[in-house]
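Enquirer: After the structure tokens below, expect a handful of questions from me.
The values are calculated or read from the model by the stated rules, or taken from the named source; none is laboratory data. Worth saying up front: this structure is predicted, and the values here are computed from it rather than measured. Cβ coordinates were reconstructed from backbone atoms using ideal geometry, including for glycine residues, and neighbour counts include every protein chain displayed.
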Amino acid sequence: MAKRKTPKGKPTEPDSQMDAIAALLRGVYANQEQENPTTLRNPERSADDVVWNAVVMGHPNRFSDMPEVFSFAQTVATKLSTLNAIPKQAAPYAPVVLSGLLNFLWRSQNLAYLDPQMAQGQAGTLKVAVATIAREWAPPDRQPWFAPLAAFPRAVDAALKKLESLTYETVYKHLDPEMQKLQTLAMAALKEVDTTHRGATPAAMAWLLGTVIQKNVFSPLDGSVPEDYSDRLNRIYDELERSAEGAFMPWLMDGFKAVREAGADDLQRWKMES
């Protein structure tokens with residue numbers, strides 16, 4: 001943690017207190033990790049093992065960029081298909097939905113310590129999503145809520161193709177307007193689904209987030225303009241993610257149900273024993 005310096009070169013008192021609290025928390029998390037670790041399940045024998053490991057493997061910040069996130073989601077989708085948890089008809093759509101949800105779950109985790117109950121609830125949430133994919137995305141073409149969602153990846157492809165056809169001198173005149181159109185389209189699609197088919201809102205959010213992840217394949221190594229493409233797509237992602245927790249709440253409530261009920265059982269036992 002960076003420290004503000006007094007004229008004498010000593011840390012200020014608030015900084016010293018914050019450093020002491022941070023050190024204390026690191027010690028607490030280290031003890032929790034040692035006493036109650038969250039570990040991977042090897043070998044993976046079931047869909048439950050796959051979703052558990054998917055949640056745990058993202059901690060902390062294991063995947064540094066969106067291409068890595070999407071590649072991992074593809075691997076998870078393949079494993080689940082092999083275990084018959086995701087039908088073949090849903091295979092083209094599953095990695096997009098899974099990457100959108102997984103990245104949100106990982107970014108919600110405490111970086112210092114992944115509590116087993118948090119992992120259990122997030123794995124439960126991912127399992128709810130997998131069941132939704134199997135039930136409603138195999139394929140989703142005839143679903144009344146899919147048309148506005150299907151338009152978004154096509155629009156992203158069209159915008160990027162247009163931008164990549166421009167010269168360096170002209171591309172920046174169009175970059176922000178094109179990206180603003182995409183952001184507006186994504187938010188409008190989410191609103192339409194939420195208004196007319198609210199039960200599909202969690203999957204809609206996962207699809208939109210996952211589409212940005214899938215399409216954001218750009219790297220600083222590709223040059224200044226592609227890096228700016230990535231930056232603008234990240235902004236679209238961040239704007240969507242502001243409302244992601246609310247959109248995912250039905251999945252989160254179902255996914256964390258076992259954790260909540262276990263907590264209630266523990267409280268009841270404590271009352272009986274006291």
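Enquirer: Output the qualifying pairs, or none if there are none: Cβ atoms under 9 angstrom, residues six or more apart or on different chains, first residue in the range 96-113 and part of a helix (DSSP H, G or I), second residue basic (Lys, Arg).
Expert: Trp106/Arg62
Enquirer: Please give the helices (runs of 4 or more DSSP H) falling wholly within the range 1-90 in which 3 or more residues are modelled with pLDDT of 80 or more and among the aliphatic types (A, V, I, L, M). Before you say what the answer is, go through the steps one by one.
Expert: On the way: elements: 13-35, 47-57, 66-82.
Result: 47-57, 66-82.
Enquirer: From the residues in the range 124-177 that are touching a residue at least 12 places away in the same chain (Cβ under 8 Å) and assigned to a loop (DSSP other than H, G, I, E, B), which one is nearest to Asp254 (Cα to Cα)?
Expert: So, considering only residues that are touching a residue at least 12 places away in the same chain (Cβ under 8 Å) and assigned to a loop (DSSP other than H, G, I, E, B), the one nearest to Asp254 (Cα to Cα) is Trp137.
Enquirer: Restricting to the range 43-81, name every residue that is of a type in the set (D, E, K, R), in contact (Cβ under 8 Å) with a residue 40 or more places away in the chain and closer than 19 Å to Val128 by Cα.
Expert: If the condition is that a residue be of a type in the set (D, E, K, R), in contact (Cβ under 8 Å) with a residue 40 or more places away in the chain and closer than 19 Å to Val128 by Cα, then Asp48 is the only one that fits.
Enquirer: While we're looking at this one, here's another question. Kindly list, by first and then second residue, each pair from a residue in the range 178-203 that is touching a residue at least 12 places away in the same chain (Cβ under 8 Å) and closer than 24 Å to Thr125 by Cα to a residue that is loosely packed, with under 15 Cβ neighbours inside 10 Å and not aliphatic (A, V, I, L, M), limited to pairs with Cβ atoms under 7 Å and residues at least 6 apart or on different chains.
Expert: Going by the 7 Å Cβ cut-off, the qualifying pairs are His197/Pro144.
Enquirer: When the residues of the range 162-210 are narrowed to those that are within 26 Å of the chain's Cα centre (by Cα) and among the basic types (Lys, Arg), which ends up nearest to Gly223 (Cα to Cα)?
Expert: Among them, the one singled out is Lys181.
Yes/no per residue for (1) closer than 23 Å to Val69 by Cβ; (2) modelled with pLDDT of 95 or more:
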site: Gln143; (1), (2): no, yes
site: Arg154; (1), (2): yes, yes
site: Glu169; (1), (2): no, no
site: Leu175; (1), (2): no, yes
site: Ala189; (1), (2): yes, yes
site: Ser224; (1), (2): no, no
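Enquirer: Please indicate, with yes or no, whether at least one residue in the range 49-58 is closer than 25 Å to Asn216 by Cβ, surrounded by 12 or more Cβ atoms within 10 Å (Cβ to Cβ) and of a type in the set (Phe, Trp, Tyr).
Expert: Checked against the condition, which is being closer than 25 Å to Asn216 by Cβ, surrounded by 12 or more Cβ atoms within 10 Å (Cβ to Cβ) and of a type in the set (Phe, Trp, Tyr), the range 49-58 yields no hits at all.
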